[in-house]
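The values are calculated or read from the model by the stated rules, or taken from the named source; none is laboratory data. Keep in mind it's a predicted model, so treat the numbers as computed, not measured. Glycine gets a Cβ as well: all are built from the backbone with ideal geometry, and neighbour counts include every protein chain shown.
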Amino acid sequence: MVAAAAGVNRRFVFDFAGVVFNWQPLALLQQVMPSRATDEASAHHWAGEIFQGYTGDWADFDRGTVEPDALVARIAARTGLGAPEVQAVVDAVPLALRPVPDTVALLRRLHQPARPMFYLSNMPASYADHLERCNPFLAQFEDGVISARVQLIKPEPAIFELAARRFGVAPAELVFFDDVPANVVAAQAAGWQAFVFINAAQCERDIRQAGLWPADGD
C-alpha cells in the first residue's frame, strides 16, 4: 500500500468476527457438539457442513433473508443433524464472540472524536444486537453496517458502496481491516484501502507502514 497523501483524513473501518471479536468455530463445535466434534478433524467437517464457508444457508442468515427457526430447519434437513443440535450451535455463536483485548486496546488508541471509526460486518441482526448491547466499547464507533440490516453481504460490491454513502466518506478515504482476503480484495476494488487482519500488532504495523497512523495518536 502507498502512504496516505498529506492532509487526507483517513477513516478506519473494522470487521467484527475474527477482528474485533474472537471467532473460533472449531472450538465452539467441540464444546457444543462434543459427541460429534470429537477432535479437530471432525470439528472441521461439521464446521463445513453447518457454516458452508459462510455461503449457502448461513449466507442467507447473514443477509437477513432467513430467520433463525428456518435456518435451523434448513441445516438439519441438509446435514442430518437433529434440530436441537443445530439450534444449540445457532444459540451459542453470539455468546462465543468475545472481544479481542489487543484489538480493543488498539481501537482505544485510534479513537479520536475528529476522526470517527466505523464497522462493516457480515452478521445476523440478532447477533449484532447482542454484541452492541453487551460491549460498551463499541460506542467508540461512529456508525456501522451490519449485513442483515441492509440485506447485502461482503464481498458484494453493493455493500461497500452503501457503507461509503452511509458513512459520508469518499471510498479513497476509508481504510478497512478484515480477516477474509476476498473481502479485502472487494474493498480495494471499491476504491477503499484495505488490509488483511491477522492480529492487532500486525494491524498497527500496516497502519504505520502505510503512513496512516493519526498524527496525535502516537
(request) Answer yes or no as to whether residue 152 is within 17 Å of the chain's Cα centre (by Cα) and assigned to a helix (DSSP H, G or I). (result) no
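Looking only at segment 124-139, decide whether some residue is of a type in the set (A, V, I, L, M, F, W, C) and not in a helix (DSSP H, G or I). Explain how you work it out, then say what you get.
First, pick out the residues of segment 124-139 that are of a type in the set (A, V, I, L, M, F, W, C): 125, 128, 131, 134, 137-139.
Filter once more, keeping what is not in a helix (DSSP H, G or I): none.
No - not one qualifying residue is present in segment 124-139.
When you go through 163, 187, 158, 172 one by one, which is the residue that is at pLDDT 95 or above, aliphatic (A, V, I, L, M) and over 17 Å from the mean Cα position of the chain (by Cα)?
Details: 163 fails: over 17 Å from the mean Cα position of the chain (by Cα); 187 fails: over 17 Å from the mean Cα position of the chain (by Cα); 158 fails: over 17 Å from the mean Cα position of the chain (by Cα).
It is 172.
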(request) Can you tell me which residue among 65, 38, 103, 55 is surrounded by 16 or more Cβ atoms within 10 Å (Cβ to Cβ) and either without any contact (Cβ under 8 Å) to a residue 60 or more places away in the chain or β-branched (Val, Ile, Thr) (or both)? (result) 103
(request) Of all residues in segment 140-149, count the ones that are crowded, with 18+ Cβ neighbours inside 10 Å, assigned to a helix (DSSP H, G or I) and not polar (S, T, N, Q). (result) 1
(request) Kindly indicate whether residue 124 is closer than 21 Å to residue 27 by Cβ, of a type outside the set (Gly, Ala, Ser) and touching a residue at least 12 places away in the same chain (Cβ under 8 Å). (result) yes
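Conditions (1) of a type in the set (Ser, Thr, Tyr); (2) more than 14 Å from residue 15 (Cα to Cα); (3) out of contact with any Asp or Glu (no Cβ under 6 Å at 6 or more places or on another chain), marked per residue:
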| position | (1), (2), (3) |
| --- | --- |
| 91 | no, yes, yes |
| 97 | no, no, yes |
| 100 | no, no, yes |
| 107 | no, no, yes |
| 113 | no, yes, yes |
| 116 | no, yes, no |
| 122 | no, no, no |
| 133 | no, yes, yes |
| 144 | no, no, yes |
(message) Suppose we keep only residues that are among the hydroxyl-bearing types (Ser, Thr, Tyr) and surrounded by 19 or more Cβ atoms within 10 Å (Cβ to Cβ) within segment 106-127. Which one would you say is nearest to residue 33 (Cα to Cα)?
(response) 127
(message) When you check residue 35 against the structure, is it assigned to a helix (DSSP H, G or I), over 23 Å from the mean Cα position of the chain (by Cα) and of a type in the set (S, T, N, Q), yes or no?
(response) no
(message) For segment 75-88, check the following and say yes or no: at least one residue is closer than 18 Å to residue 20 by Cβ and either assigned to a helix (DSSP H, G or I) or within 19 Å of the chain's Cα centre (by Cα) (or both).
(response) no
